[in-house]
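Take a look at the structure set out below.
The values are calculated or read from the model by the stated rules, or taken from the named source; none is laboratory data. None of these values were measured; they are calculated from a predicted model. Side chains are part of the model used for accessible areas, which takes the heavy atoms of the whole protein and leaves out ligands, DNA and RNA. Shrake-Rupley method; radii C 1.70, N 1.55, O 1.52, S 1.80 Å.
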Amino acid sequence: MRASRPAVHPVEAPPPAPPPPAQAQGQDQEQADGDVVTQPRGVRMKDPPGAPGTPAGLGLRLAQAFFAAAALAVMAATNDFPSVSAFSYLVAAAILQCLWSLSLAIVDIYALLVKRSLRNARAVCIFTIGDGITGTLTLGAACASAGITVLIGNDLNICAENHCASFETATAMAFISWFALAPSCILNFWSMASR
């Protein structure tokens, strides 16, 4: 069995260079007050924008949840969506996407409030796998719904009997939700692969 190893490796900082004599008194005062704190160089890389635990990552998660919820609401507002299995699949995928994105948005909010990075290998692996699964389901549902919508509207010409505009809107919202999910999935996979 492999023993776990620490996720953060200590890096020894080089000793600070002595300040010039003219600035020595002013810099000591600033450091005594605690206003100026500098990190040693090379200790930690900044998280890329859109990664978990960053404001851009939170924005992507909220966009995913919003557009998935919009797809769900528009599709559920029609009374005949359960008669087509692709539309039922879209509703199920949108529910899963909403739950996944909102739960990760809560994790992102927590990480931002406590100023923690979400670079843990296990967390990044879970985020990557979850994003891959929900992204595949959402894209599959959106493509299936788009195919049925084209069949109903263009091939069969029965839009007068159905809610074609609602079906098209829900499908478009599902695609936009997937487009918001793709950067998160790619950044998580990139972060996991670069370890």
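On a 1.4 Å probe surface of the protein chains, which of Asp131, Asp47, Asp155 comes out largest in accessible area, and what is the full order? Spell out each step's value before the answer.
Working: Asp131 0, Asp47 45, Asp155 105 Å².
Putting Asp131, Asp47, Asp155 in descending order of accessible area: Asp155, Asp47, Asp131.
Want the number for Ala77 to Ala17: 0.36 nm per residue separation, take away the alpha-carbon distance, what's left?
14.9 nm is the gain from fully extending Ala77 to Ala17.
Scan around Ser117 for amide H atoms under 5 Å from its own, H built in the peptide plane at 1.01 Å from N, and keep only partners 5 or more places away or cross-chain.
Here the answer is none, since no amide H 5 or more places off falls under 5 Å of that of Ser117.
So what is the accessible area of region 75-195 per residue, in Å², with the probe set to 1.4 Å? Walk me through the intermediate numbers first.
Working: 6490 Å² over 121 residues.
Solvent-accessible surface per residue comes out at 54 Å².
Where the accessible area of region 55-193 is counted over protein heavy atoms with a 1.4 Å probe, how much of it, in %, is carbon and sulfur?
Details: 5170 of 7040 Å².
Carbon and sulfur atoms account for 73 percent of the accessible area of region 55-193.
Ordered by residue, what ³J(HN,Hα) values in Hz, to whole numbers, does region 142-153 give under the Karplus form 6.51 cos²θ - 1.76 cosθ + 1.60, where θ = phi - 60° and Gly and Pro are x?
After applying 6.51 cos²θ - 1.76 cosθ + 1.60, I find 5, 5, 5, 5, 5, x, 5, 5, 5, 4, 5, x Hz.
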